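The structure appears right after this line, and notes come after that.
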Amino acid sequence: MSSKYSLQGLLLSLTAVAFVAGCAGPQSSSQEAINQALSLQTSTSVDEYVLGPTDEIQISVWRNADLSMVVPVRPDGRVSMPLIGDVQATGKTPEQLANEIEIGLTGFIREPQVTVVVKSMGSHEFSDRVRVTGAVNQSISVPHRSGMTVLDLVLSAGGANPFAQLNNAMLYRALDDRMVAIPVRLDDILNKGDVSTNYRMRPGDILTVPERNF
């Protein structure tokens, strides 16, 4: 999901699924899609920060205080620098942006050394969070932490409530332009010690726990 509004819409939809799905539970994606989504946790790093609009960064140019500043990444994804003008920041790591600024300054100062430090991570306020909703004691949205698992998220939500269909839980993960539904067997994790579906969470993941119909 690319914006706060689309994430909120998805949360509303998943909450509805969790409560009206009934004994059958929500439908999972194809095994091929599930395998692809799960492979992201090992093939893609989630620890390298990528800049985005509304981030605030500190640009420091060694021995050039006049060129050092704290600036926001504008909605168009750029930052403004003296001497070189606008520089594209969105989609780059702080190190990549620093390297580009160094290249731009080479024609004005000798051997520029630039560092970029993120002061405020506004662009990742929603995309770097993980969420759990449905039949838990408290639906939550929390910042992603490296190594966080499904069990960690459920415990952070105060556990499941007495009406939860624990083995019909579903983990929703973005894959390209779609959401993949991955079955999670919470009862097996919590009560049987079977952690085969205790997957590591990725930023943007949403766990839903459906409630039994009576």
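Of all residues in region 121-147, those satisfying the criterion of being open to solvent by 10 Å² or more (accessible area, probe 1.4 Å) and assigned to a loop (DSSP other than H, G, I, E, B) are MET121, GLU125, PHE126, SER127, ASP128, ASN137, GLN138, SER139, HIS144, ARG145, SER146, GLY147. Comparison of ARG173, ARG178, ARG200, ARG212 shows that the only residue that is open to solvent by 10 Å² or more (accessible area, probe 1.4 Å) and touching a helix residue (DSSP H, G or I) at 6+ places or on another chain (Cβ under 6 Å) is ARG200. Of everything listed in (1) open to solvent by 40 Å² or more (accessible area, probe 1.4 Å); (2) under 19 Å from HIS144 (Cβ atoms), the single unmet condition for PRO162 is (2). Against the criterion of being surrounded by 13 or more Cβ atoms within 10 Å (Cβ to Cβ), at pLDDT 95 or above and among the hydroxyl-bearing types (Ser, Thr, Tyr), THR115 qualifies. Looking across region 179-201, the residues that are over 20 Å from GLN138 (Cα atoms) and in contact (Cβ under 8 Å) with a residue 40 or more places away in the chain come down to MET179, VAL180, ALA181, ILE182, PRO183, VAL195, THR197, TYR199, ARG200. Condition test on PHE108, is it touching a residue at least 12 places away in the same chain (Cβ under 8 Å), out of contact with any strand residue (DSSP E or B) (no Cβ under 8 Å at 6 or more places or on another chain), in a loop (DSSP other than H, G, I, E, B) and more than 27 Å from LEU175 (Cα to Cα)? When the stated conditions are applied, PHE108 passes them. Residues in region 181-214 that are closer than 21 Å to HIS124 by Cβ and hydrophobic (A, V, I, L, M, F, W, C): MET201, ILE206, LEU207.
The values are calculated or read from the model by the stated rules, or taken from the named source; none is laboratory data. Everything numeric in this text was worked out from a predicted model, so none of it was measured. Counting neighbours? That spans all protein chains shown, and the Cβs are built from the backbone with ideal geometry, glycine included. For accessibility, only protein heavy atoms count, side chains too; no ligands or nucleic acids. Shrake-Rupley method; radii C 1.70, N 1.55, O 1.52, S 1.80 Å.
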